[in-house]
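Below is one structure, written out as structure tokens; the observations come after it.
The values are calculated or read from the model by the stated rules, or taken from the named source; none is laboratory data. Since this is a predicted model, take the numbers as computed values, not measurements. Quick reminder, even Gly has a Cβ in these numbers, built from the backbone with ideal geometry, and neighbours come from all protein chains shown. Areas reflect the complete protein model, heavy atoms only, side chains present, ligands, DNA and RNA absent. Shrake-Rupley method; radii C 1.70, N 1.55, O 1.52, S 1.80 Å.
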Amino acid sequence: MKKFLIIIFGLVLTINAQSKVGSTAAPFLNIGIGPRAIAMGTAFVATSDDITALYWNPAGITRIGGNSAMFNKTSWIADINYNWAGAAVQLGDLGTIGLSVNQLDYGKMAVTTNAEQDGTGEYFSAQDIAIGLTYAYQLTDRFSIGGTAKYIQQKIYNSSASALAVDIGVLFNSDLYGLRIGASITNFGTDMTMDGKDLLVQHDIDQTIEGNNYQILAKLRTDGWPLPLTFRVGLAMDILNLPNNRLTIGADALHPNDNDETVNIGAEYTLFNTVSLRAGYKSIGLNKAEDGLTMGFGVKYDFAANLGVFIDYAYQDFGVLNKVQHFSVGVRF
């Protein structure tokens with residue numbers, strides 16, 4: 001465990017070295033996944049006991065209690081759709097593997113020019129996508145580790161940028177009143193640089209010379225931008241854990257490379273292991289933050305010992321940007 005903590009804190013120093021507010025590519029990677037975690041204020045890195053651990057803390061997929069799959073749909077701001085799908089399969093003593101895909105779809109937009117500002121009749125689209133392959137292993141009955149390798153792409157019209165990245169997570173269940181400690185670092189990878197035929201231009205290499213070819217084909221060179229690294233460390237505890245009642249509380253501290261440090265808090269109350277009510281608060285300590293209050297609920301039903309379904313919903317207050325709603329449906333098998 002000490003070795004993994006040394007690695008994580010070493011990566012945190014890398015984040016400090018790159019810290020610039022609002023200066024990263026692929027910001028869609030910071031959009032949280034799963035109504036359960038969202039409703040709990042995204043204070044989830046130390047809980048991470050369902051399929052969304054693929055996003056929050058890859059070490060957590062060793063604790064989901066079987067195989068699981070889920071689809072998540074988010075009505076994001078500005079009528080943008082955000083979709084995520086993930087699945088995890090346990091391999092017994094060999095560990096647990098998972099696969100996830102998330103996509104941000106901006107929809108179709110009209111092509112405009114200076115001459116035709118109302119549109120040329122053509123349309124273009126833009127989307128972001130990330131595909132992750134996860135492996136996690138439970139070293140002891142209390143300590144788990146996990147990692148995710150990801151391919152990331154952003155595309156607009158005829159240009160795109162791509163990158164490779166990894167997530168690393170650890171999860172420790174203590175014997176102190178069920179206290180759980182989790183930590184993760186996400187999106188540690190290569191820079192993203194836009195490329196494509198939209199960057200092709202005609203250029204006059206010397207406008208002071210008459211008679212030369214002023215239509216030399218050239219390509220614009222764009223700068224590379226880092227990914228949004230985020231270091232999370234969190235605590236969670238079941239302060240009430242009875243056969244038919246459970247109350248979980250959690251708190252996460254975040255250190256991103258594209259914003260200031262924040263704290264998230266959240267809670268979940270579960271009745272008869274079937275109905276859950278959740279609430280939380282995000283971005284505590286962040287100046288002029290638009291997001292804050294979160295809440296939601298979930299229902300799950302088991303058809304058999306190893307077969308069940310679950311449905312979750314979350315509401316997220318986004319201030320002047322209006323509200324955001326998250327829906328998911330999943331199966332345990």
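Considering region 137-153, and only residues there that are open to solvent by less than 40 Å² (accessible area, probe 1.4 Å) and of a type in the set (S, T, N, Q), the residue that is nearest to GLY107 (Cα to Cα) turns out to be THR148.
Identify, please: which residue in region 293-304 is open to solvent by 60 Å² or more (accessible area, probe 1.4 Å) and touching a residue at least 40 places away in the same chain (Cβ under 8 Å) and is, among those, farthest from VAL275 (Cα to Cα)? Let's see the steps before the verdict.
Filtering region 293-304 for residues open to solvent by 60 Å² or more (accessible area, probe 1.4 Å) gives 293, 295, 297, 299-303.
Checking which are touching a residue at least 40 places away in the same chain (Cβ under 8 Å) leaves us with 295, 297.
Numbers: MET295: 14, PHE297: 7 Å.
This residue is MET295.
All told, GLY22 falls short of being farther than 30 Å from LYS108 by Cα and either modelled with pLDDT under 95 or touching an Asp or Glu at 6+ places or on another chain (Cβ under 6 Å) (or both).
In this structure, LEU254 qualifies as closer than 27 Å to LEU179 by Cα and aliphatic (A, V, I, L, M).
Kindly list the number of the only condition in (1) open to solvent by less than 60 Å² (accessible area, probe 1.4 Å); (2) outside any loop (DSSP other than H, G, I, E, B) that fails for ILE97. Unmet condition: (1). Checked against (1) at pLDDT below 95; (2) open to solvent by 40 Å² or more (accessible area, probe 1.4 Å); (3) assigned to a strand (DSSP E or B), HIS255 passes all but a single condition, namely (2). Flag set for GLY132, criterion: within 20 Å of GLY32 (Cα to Cα), at pLDDT 95 or above and in contact with an Asp or Glu (Cβ under 9 Å, 6 or more places away or on another chain). Note on region 161-201: residues that are among the hydroxyl-bearing types (Ser, Thr, Tyr) and buried (at least 18 other Cβ atoms within 10 Å of the Cβ) total 2. The number of residues in region 19-67 that are touching a Lys or Arg at 6+ places or on another chain (Cβ under 7 Å) and assigned to a helix (DSSP H, G or I) comes to 2. Among the residues making up region 68-94, none is buried (at least 17 other Cβ atoms within 10 Å of the Cβ) and not in a strand (DSSP E or B).
What is the residue count in region 303-320 for residues that are among the aliphatic types (A, V, I, L, M) and within 26 Å of GLY280 (Cα to Cα)? Within region 303-320, residues that are among the aliphatic types (A, V, I, L, M) and within 26 Å of GLY280 (Cα to Cα) number 4.
Between LEU307, LEU240, the distinction of being touching a Phe, Trp or Tyr at 6+ places or on another chain (Cβ under 6 Å), surrounded by fewer than 19 Cβ atoms within 10 Å (Cβ to Cβ) and at pLDDT below 95 belongs to LEU307 only. Given the criteria over 30 Å from LEU247 (Cα atoms), in a strand (DSSP E or B) and at pLDDT 95 or above, does VAL166 qualify? Yes.
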